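Worksheet: the structure to be examined is printed underneath.
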Amino acid sequence: MSEREPDPAKQEEFAGRVVQVLNDACLGFMASVGHRTGLFDTMAGLEPSTSEELARAAGLDERYVREWLGAMVVGGFVAYEPEGRTYRLPPEHAAALTRAAGPDNMAGLMQYLALMGEVEDRIVEVFRKGGGLPYSAYPRFQELTAEESAAGFDLALVDAVVPLVPGLAERLRSGIDAVDIGTGQGHAVNVLASAFPASRFTGVDISPQGIGAAKAEAAVHGLDNTRFVLADSAELTGGYDLVTAFDVIHDLARPDRTLRAVAAVLRPDGVFLMGDIAASSRLEENIGHPLAPALYTFSTFYCMTVSLGEGGAGLGTVWGEQTARRMLAEAGFGSVEVSRIEGDPLNQYYVARLAVAA
């Protein structure tokens, strides 16, 4: 057999892998539907039920529910008892598919599949012509990221992320000035402001809708130690003891300018707390990463492409720790420590302090 002829056994094995990819991709779309319609949440609270009973409990059309259940049964998400035609969501599955699971809810992440499908034609076009897509091409993106991150912020921001910086909790309790860049709908700011009422928190974002949602949430909670500003983080001004950025730097058109701006507004004893994707800048070191295919896909369909759409750097989701460390050093940070927190497989946290003048 020549080197150009396929090995029949390897060809069959890979074809089976591709079939599995197709099936799993389809299950991902159906899981997204299950999340958005509340079907997983409804099933988690029911005894084994018929499709009619489930549709009635969820307030949905039975015929669509029955077809969805078919996919969920053959895909191994839902258990089925043929004699009584009843369906059951095992508790072990509910722990990864329901809103009650908090950050462990993977069904919510499946919504990104539909978002990517909406822009696929335009992604193919930029493959041919170059450039990128505007932020406006993704009308639901901020809503999805806000939903995804909120559960994590509620669970871990105060109790696990803040303690990564020695002494920060005590300083926040005493009262300092903090700013969150790329704040989106501002939930991180509002969580911190609720936990540390003596400190003053600012959220900065370029999205009017995000800033509006952030202000509305702060008002609901009666927070008087927050403010939200419509502004470009690359033009950040003022003076702060703490700057935070959660999964935002790699999306920016001008990440280098933003990091320099962060360094410029930090007070001498200030700290920059940056959460970003836990990955390597070297492709070969990401081969075993459990979420690597998803990360490169998200980058192609959104993170890299939106940055390029603004004529920006196009760092991409998987810019990696080595590049992050280099860019932080170039921006003026002399000390960078990297940590992970339990229960967060996606992110790592950089604690950066300004270089000390000789």
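V336 meets all of the listed conditions (1) on the phi > 0 side of the Ramachandran plot; (2) free of Cβ contacts under 8 Å to residues at least 40 places away in the same chain but one, namely (1).
Can we say F228 is under 28 Å from Q322 (Cβ atoms) and surrounded by 17 or more Cβ atoms within 10 Å (Cβ to Cβ)? Even if it seems obvious, please write down each step before you answer.
On the way: under 28 Å from Q322 (Cβ atoms): no; surrounded by 17 or more Cβ atoms within 10 Å (Cβ to Cβ): yes.
No; evaluated as a whole, the condition is false for this residue.
When L192 is tested against (1) surrounded by fewer than 16 Cβ atoms within 10 Å (Cβ to Cβ); (2) at pLDDT 95 or above; (3) in a helix (DSSP H, G or I); (4) not charged (D, E, K, R), exactly one condition is not met: (1).
Considering every residue within the range 307-328, establish whether at least one is without any contact (Cβ under 8 Å) to a residue 40 or more places away in the chain and in the same structural domain as G238 (by TED's automatic domain parsing). Step through it out loud before you land on a result.
If we filter the range 307-328 for residues that are without any contact (Cβ under 8 Å) to a residue 40 or more places away in the chain, which is where we start, we get 325-326.
Still in the list and also in the same structural domain as G238 (by TED's automatic domain parsing): 325-326.
So far as the range 307-328 goes, yes, one or more of its residues are without any contact (Cβ under 8 Å) to a residue 40 or more places away in the chain and in the same structural domain as G238 (by TED's automatic domain parsing).
Hand me the list of helices (runs of 4 or more DSSP H) wholly inside the range 1-59 holding 1 or more residues that are farther than 30 Å from P82 by Cα. Before you say what the answer is, go through the steps one by one.
Numbers: elements: 8-36, 39-44, 51-58.
Ranges flagged: 8-36.
Looking only at the range 334-347, filter to residues that are more than 13 Å from L157 (Cα to Cα) and touching an Asp or Glu at 6+ places or on another chain (Cβ under 9 Å); which one of those is surrounded by the most Cβ atoms within 10 Å (Cβ to Cβ)?
Taking the range 334-347 as the starting set, the residues that turn out to be more than 13 Å from L157 (Cα to Cα) are 334-339, 345-346.
Next, from what is left, pick out any that are touching an Asp or Glu at 6+ places or on another chain (Cβ under 9 Å): 338, 346.
Numbers: V338: 16, L346: 18.
Of everything passing the filter in the range 334-347, L346 is surrounded by the most Cβ atoms within 10 Å (Cβ to Cβ).
Take the residues of the range 115-143 that are under 23 Å from S207 (Cβ atoms) and of a type in the set (K, R): which is surrounded by the fewest Cβ atoms within 10 Å (Cβ to Cβ)? That would be R140. Of the listed requirements (1) out of contact with any Gly (no Cβ under 8 Å at 6 or more places or on another chain); (2) under 22 Å from L236 (Cβ atoms), A213 misses just one: (1). The residues listed here are Y87, Y112; of these, the one that is crowded, with 18+ Cβ neighbours inside 10 Å, hydroxyl-bearing (S, T, Y) and modelled with pLDDT under 95 is Y112. Filtered by the rule that a residue be touching a helix residue (DSSP H, G or I) at 6+ places or on another chain (Cβ under 7 Å), more than 27 Å from M30 (Cβ to Cβ) and not in a helix (DSSP H, G or I), the range 111-159 gives G131, G132, P134.
Candidates are the residues of the range 318-333 that are small (G, A, S) and closer than 22 Å to T297 by Cα; the one that is surrounded by the most Cβ atoms within 10 Å (Cβ to Cβ) is A324. Applying the condition of being surrounded by fewer than 20 Cβ atoms within 10 Å (Cβ to Cβ) and touching a strand residue (DSSP E or B) at 6+ places or on another chain (Cβ under 9 Å) to the range 200-209 and asking which residue is farthest from F141 (Cα to Cα) yields R200. Of all residues in the range 2-45, those satisfying the criterion of being among the hydrophobic types (A, V, I, L, M, F, W, C), without any contact (Cβ under 8 Å) to a residue 40 or more places away in the chain and touching a helix residue (DSSP H, G or I) at 6+ places or on another chain (Cβ under 9 Å) are V33, L39.
Scanning the range 51-64 for any residue that is among the acidic types (D, E) and under 30 Å from the mean Cα position of the chain (by Cα) turns up nothing.
Is there a residue in the range 167-177 that is among the small types (G, A, S), more than 30 Å from G312 (Cβ to Cβ), part of a helix (DSSP H, G or I) and out of contact with any Lys or Arg (no Cβ under 7 Å at 6 or more places or on another chain)? Give the steps one after another, and end with the answer.
Quick first cut of the range 167-177, residues among the small types (G, A, S) only: 167, 169, 174-175.
Add one more test, that the residue is more than 30 Å from G312 (Cβ to Cβ), and what stays is 167, 169, 174-175.
Filter once more, keeping what is part of a helix (DSSP H, G or I): 169, 174.
Now narrow it down to the ones that are out of contact with any Lys or Arg (no Cβ under 7 Å at 6 or more places or on another chain): 169, 174.
Yes, the range 167-177 has at least one match.
Residue count for the range 60-89, restricted to those that are closer than 19 Å to D24 by Cα and assigned to a loop (DSSP other than H, G, I, E, B): 5.
The values are calculated or read from the model by the stated rules, or taken from the named source; none is laboratory data. These figures come from a predicted structure and were not determined experimentally. Glycine also receives a Cβ, built like all others from the backbone with ideal geometry; neighbour counts cover every protein chain displayed.
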